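Participant: First, the structure itself, so that you have it in front of you.
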Amino acid sequence: MNRLSLNDLLRLFLETRVPALFLIGSLALATLGNAVYELLTGVFGATPQFLIALIAGATLIFAFVVVGFQRALRALRRQSATKVDPDRQAPPHAGLILPISANPQAADAEILAWHQQGATLRHCWLLASPSVASSERFRDLKQALLERNVNPHVVLLDDVLRADQVYLKVREAINEAAPVRDAWPLIADITGGTKVMTAGILLACLDAGVPVQYWVAPRDRRGDPFSSPDSCAMQVVVRTL
């Protein structure tokens, strides 16, 4: 026989599913509230100043509880949103096509670390605009790959707002990887970069039969991902008619 937890027991007295228990719970809370009020007024007196302070204090406590509950609820929603079933996760690949975002908070390093598990990643095609490719963060990512014996291939995109150019550059990267035996299996990421880059990468990979992944991670108020044990690469399944 399963035993009721304390939360389940309290829920019986605070929910209306069982009217009799709800009535008992309401009376108990009302009695407790009246007792606390009588105790406070007995100690401090029922002066207008004290009653005003009591109302203000109760209002502040209620506001803090509501705000705290909302934050906890958002945190739980973010956490549940990053849960990806193991069978939907993209396993580490030997070859990776990775668009590098201009956003310094992007998850590029985490995506690379995912595919470097077990020293799986051997080749990485880094898609970037000339300005991003000249940044210190890009150089650090490239150096980190070299230090882990991963061959970086820089693919410059002159116009990241032209999906046709992104498409052609990604197809070139796929064709370059085709004869490289240790670059397969190959996968492309569509997390970073612009929306146009995402569209170009996705179309190129669909035509070439290359799988696509998306980095799932909790995000802050600005939409930037942050580190979490539940972050992972999720394989994107596109069904065509």
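The values are calculated or read from the model by the stated rules, or taken from the named source; none is laboratory data. Predicted model only: the values in this text are computed from it and were never measured. Note: ideal-geometry Cβ built from the backbone for every residue, glycine included; neighbour counts use all protein chains shown.
Participant: Checking Val154 against (1) closer than 24 Å to Leu168 by Cα; (2) modelled with pLDDT of 95 or more; (3) touching a Pro at 6+ places or on another chain (Cβ under 9 Å), which test does it fail?
Facilitator: (3)
Participant: Which of the following residues is under 29 Å from Ser228 (Cβ atoms), in contact with a Ser or Thr (Cβ under 6 Å, 6 or more places away or on another chain) and touching a residue at least 12 places away in the same chain (Cβ under 8 Å): Val196, Val170, Val160, Val132? Write out each step before concluding.
Facilitator: On the way: Val196 fails: in contact with a Ser or Thr (Cβ under 6 Å, 6 or more places away or on another chain); Val170 fails: in contact with a Ser or Thr (Cβ under 6 Å, 6 or more places away or on another chain); Val132 fails: in contact with a Ser or Thr (Cβ under 6 Å, 6 or more places away or on another chain).
Of Val196, Val170, Val160, Val132, the one residue that is under 29 Å from Ser228 (Cβ atoms), in contact with a Ser or Thr (Cβ under 6 Å, 6 or more places away or on another chain) and touching a residue at least 12 places away in the same chain (Cβ under 8 Å) is Val160.
Participant: Under the condition of being among the charged types (D, E, K, R) and assigned to a helix (DSSP H, G or I), which residue from region 114-154 is surrounded by the most Cβ atoms within 10 Å (Cβ to Cβ)? Step through it out loud before you land on a result.
Facilitator: Initial filter on region 114-154 (among the charged types (D, E, K, R)): 122, 136-137, 139-140, 142, 147-148.
Narrowing the set further to residues that are assigned to a helix (DSSP H, G or I) leaves 136-137, 139-140, 142, 147.
Values: Glu136: 8, Arg137: 16, Arg139: 11, Asp140: 12, Lys142: 18, Glu147: 8.
Across region 114-154, the extreme among qualifying residues is Lys142.
Participant: Considering each of Val210, Val238 in turn, give the residue that is farther than 18 Å from Ala106 by Cβ, outside any helix (DSSP H, G or I), at pLDDT 75 or above and hydrophobic (A, V, I, L, M, F, W, C).
Facilitator: Going through Val210, Val238 in turn, just one is farther than 18 Å from Ala106 by Cβ, outside any helix (DSSP H, G or I), at pLDDT 75 or above and hydrophobic (A, V, I, L, M, F, W, C): Val210.
Participant: Tell me the residue from Ile52, Ile111 that is modelled with pLDDT of 80 or more and surrounded by fewer than 11 Cβ atoms within 10 Å (Cβ to Cβ), please.
Facilitator: Working: Ile111 fails: surrounded by fewer than 11 Cβ atoms within 10 Å (Cβ to Cβ).
From the options Ile52, Ile111, the qualifying one is Ile52.
Participant: Exactly one of (1) part of a helix (DSSP H, G or I); (2) in contact with a strand residue (DSSP E or B) (Cβ under 9 Å, 6 or more places away or on another chain) is unmet by Val84. Its number?
Facilitator: (1)
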